[in-house]
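Novice: Okay, handing you the structure first.
The values are calculated or read from the model by the stated rules, or taken from the named source; none is laboratory data. The model shown is predicted, which means the values in this text are computed figures rather than measured ones. Cβ sites come from the backbone with ideal geometry, for glycine too, and all protein chains shown count toward neighbours. When the accessible area is computed, the model is the full protein with side chains, heavy atoms only, and any ligands, DNA or RNA have been set aside. Shrake-Rupley method; radii C 1.70, N 1.55, O 1.52, S 1.80 Å.
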Amino acid sequence: TAIKTAVAALQGGGGTPTQPTTDADAKRAAVVKWMTSRNKKFAYSQGPGRLDPDRSGLGDCSSTVRRAYKDVMGIEIGVNTVLQQTRKGGPGREVWRSPRAYAAVPDGILKPGDLIFFKSPWSDSRVRHVEMYTGNGKCWGHGGGAGGKKPGPQESSLSYWVGAKAQLIIMRYIF
């Protein structure tokens, strides 16, 4: 399975990742591996092909994290950022919400595989973007960039997003 493959990759070297110590750690490692193994593989699109980016070559922020969880864990987290973040009775649980823009995430809150939702204070205050936390202060997501020309997913820094005037909401799907 994808989980066993990710654990084997972690045990086999290639950098210095932390070896999973629990079943939840192994699942987190597998979801992160799915995301990072697709570095800049998908063109940006909000069209219907985005829901299966490996097949279509298209994706956006919500479809890419959705597919990671669907392929690795077999769970449906929602097809867009609003549904993923507000899903009542769904598989995710909110673990932290920043009290305001520019608020740093306290140590010990984030775990690899957590989804970080960004609520824009300068628009209608809806959740506008999501990225996956991969550890060591890094996130992976697919934002598209100016004009939707930027391929994804790709790595970014959590500190960039804290400084982007966004309120952060952290959801966890692996317990």
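Novice: Considering only residues that are in contact with a Ser or Thr (Cβ under 9 Å, 6 or more places away or on another chain) and among the hydroxyl-bearing types (S, T, Y), look in region 43-76 and name the one that is nearest to W161 (Cα to Cα).
Specialist: It comes out as S62.
Novice: Could you identify the single residue in R97, R128 that is touching a helix residue (DSSP H, G or I) at 6+ places or on another chain (Cβ under 8 Å) and charged (D, E, K, R)?
Specialist: Matching residue, one of R97, R128: R128.
Novice: Then there's this: Report yes if I77 is in a loop (DSSP other than H, G, I, E, B) and within 16 Å of V31 (Cα to Cα), otherwise no.
Specialist: Details: in a loop (DSSP other than H, G, I, E, B): yes; within 16 Å of V31 (Cα to Cα): yes.
So I77 passes the test.
Novice: What number of residues within region 62-89 are open to solvent by less than 40 Å² (accessible area, probe 1.4 Å), at pLDDT below 95 and of a type in the set (D, E, K, R)?
Specialist: Matching residues across region 62-89 total 0.
Novice: Given the criterion within 21 Å of G163 (Cα to Cα) and of a type in the set (A, V, I, L, M, F, W, C), identify the matching residue among V79, V130.
Specialist: Details: V79 fails: within 21 Å of G163 (Cα to Cα).
The unique qualifying residue is V130.
Novice: Right, something else. List every residue pair whose Cβ atoms sit under 6 Å apart, with the two residues 6 or more apart in sequence or on different chains, where the first one lies in region 54-67 and is farther than 10 Å from H142 by Cβ and the second, anywhere, is part of a loop (DSSP other than H, G, I, E, B) and aliphatic (A, V, I, L, M).
Specialist: Every condition considered, the pairs that remain are R66/I77.
Novice: On to the next question. Just name the residue that is nearest to the chain's Cα centre (by Cα) out of those in region 39-53 that are in contact (Cβ under 8 Å) with a residue 60 or more places away in the chain and open to solvent by less than 40 Å² (accessible area, probe 1.4 Å).
Specialist: Filtering region 39-53 for residues that are in contact (Cβ under 8 Å) with a residue 60 or more places away in the chain and open to solvent by less than 40 Å² (accessible area, probe 1.4 Å), the one nearest to the chain's Cα centre (by Cα) comes out as F42.
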